[in-house]
1. What's the total number of residues in the stretch 246-270 that are assigned to a loop (DSSP other than H, G, I, E, B) and more than 19 Å from the chain's Cα centre (by Cα)?
2. Being without any contact (Cβ under 8 Å) to a residue 60 or more places away in the chain, closer than 22 Å to residue 168 by Cβ and either of a type outside the set (Asp, Glu) or assigned to a helix (DSSP H, G or I) (or both) narrows it down to one of 225, 290, so name that one.
3. Return a yes/no flag: does the stretch 294-317 have any residue that is of a type outside the set (Asp, Glu) and within 30 Å of residue 79 (Cα to Cα).
4. Considering only residues of the stretch 240-263 that are among the aliphatic types (A, V, I, L, M) and free of Cβ contacts under 8 Å to residues at least 60 places away in the same chain, which is nearest to residue 198 (Cα to Cα)?
5. Can residue 277 be described as among the hydrophobic types (A, V, I, L, M, F, W, C), surrounded by 17 or more Cβ atoms within 10 Å (Cβ to Cβ) and at pLDDT below 90?
6. Just checking, how many residues over the stretch 30-52 are buried (at least 24 other Cβ atoms within 10 Å of the Cβ) and in a loop (DSSP other than H, G, I, E, B)?
7. Can you tell me which residue among 58, 2, 65 is modelled with pLDDT under 90, closer than 30 Å to residue 295 by Cα and out of contact with any Leu (no Cβ under 9 Å at 6 or more places or on another chain)?
8. Find the residue count for the stretch 164-215, including only residues that are in a helix (DSSP H, G or I), among the aliphatic types (A, V, I, L, M) and touching a residue at least 12 places away in the same chain (Cβ under 8 Å).
Amino acid sequence: MGESMTTLKDTQPPWVRREVVSLVYVAASPNSGTTLLALLANAHPQIYSPGELMGPGGLLHGPEGPECACGLVVAECPFWAEVGERMAALGHVWRPDDWRLTHDRDHRGTPLLTRLLFGRPGPGLIRDRLLAHVPGLRRRVRDMVRRNADHARTVLALSGRDCLVDTSKPPERMIRLARNPAIDLQAVHLVRDPRGWFWSRKKAGYTDLAANTRQWVRRNVYMARLIESLPPTRWMRLRYEDLCAAPQESMDRIAELAGLPPAPLPRDISTIHAHLLGNNMRLRRDRAIREDRSWRDNLTAEEVAAVQARTAALARRFGYEW
């Protein structure tokens, strides 16, 4: 009888038979260099980064849908089409413009309670604790855990590599993935000089200096608190400026965090190819590693002084001195 018995693992498609997925999660604020990090991660022969693994739902895109770094929209990209087919074979809903991998993408048309628990506003980790007392929602969280694990396994299997780098950014997602028994998570807190960060936000139309600096402080305090709750051997902090100034050393640190040997970066990073999602840098063919220092020429002396005064205490903690 023992020879005829089959386990659940035996009946699963080969791309989901991997027991645990090795994943490095990058927690960061927007405009902090996550797309550059994702691109460089793909130069390592054992690492694959699709960029924002939670999907394109929050990305700006054209009328035909979100665009992959390969130049095709996600709906026409062979890589993502195969991911969608494999996810469907596993019984998951997966659309090119919405991968259904976050709670806030899974509440449309549902009752007010579900919106309050799963909607974007509010302390996400407190919401998670409430779910333990709501049976129907608890089941949906279990489904979300399985969907994220199956998606990570599928992408990793298609890449043919050993470790994923997810640059989705929200720290709540990091903690949820860390709790997922199918994911072996390490984390990177990517932080950017608040003066450069404010200039990037200002260029994007967010001009309120007080609101922006308050956001930089609050987000990074929150990210630091969550990431530092992980075991010390499972996380690292990286500054955007160091990633640009010493990319090889920075990526070697990430490889070491993932338990992998270092691998050389190519002299020309435009030769790195991957199916990734992120900002528009992924679509350019003239890619180069250059720190954006344009804030020095575009912010007024008064603005620089104000940003420094409002962020000094936390910035010093991250190694910024002025």
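The values are calculated or read from the model by the stated rules, or taken from the named source; none is laboratory data. On a predicted model such as this, the values are computed, not experimentally measured, just so you know. Ideal geometry is used to build each Cβ from the backbone, glycine not excepted, and the neighbour counts take in all protein chains shown.
1. Summing the residues that are assigned to a loop (DSSP other than H, G, I, E, B) and more than 19 Å from the chain's Cα centre (by Cα) in the stretch 246-270 gives 11.
2. 225
3. No, the stretch 294-317 contains no residue that is of a type outside the set (Asp, Glu) and within 30 Å of residue 79 (Cα to Cα).
4. So, considering only residues that are among the aliphatic types (A, V, I, L, M) and free of Cβ contacts under 8 Å to residues at least 60 places away in the same chain, the one nearest to residue 198 (Cα to Cα) is 245.
5. So residue 277 fits the description; yes.
6. 4
7. 58
8. Matching residues across the stretch 164-215 total 6.
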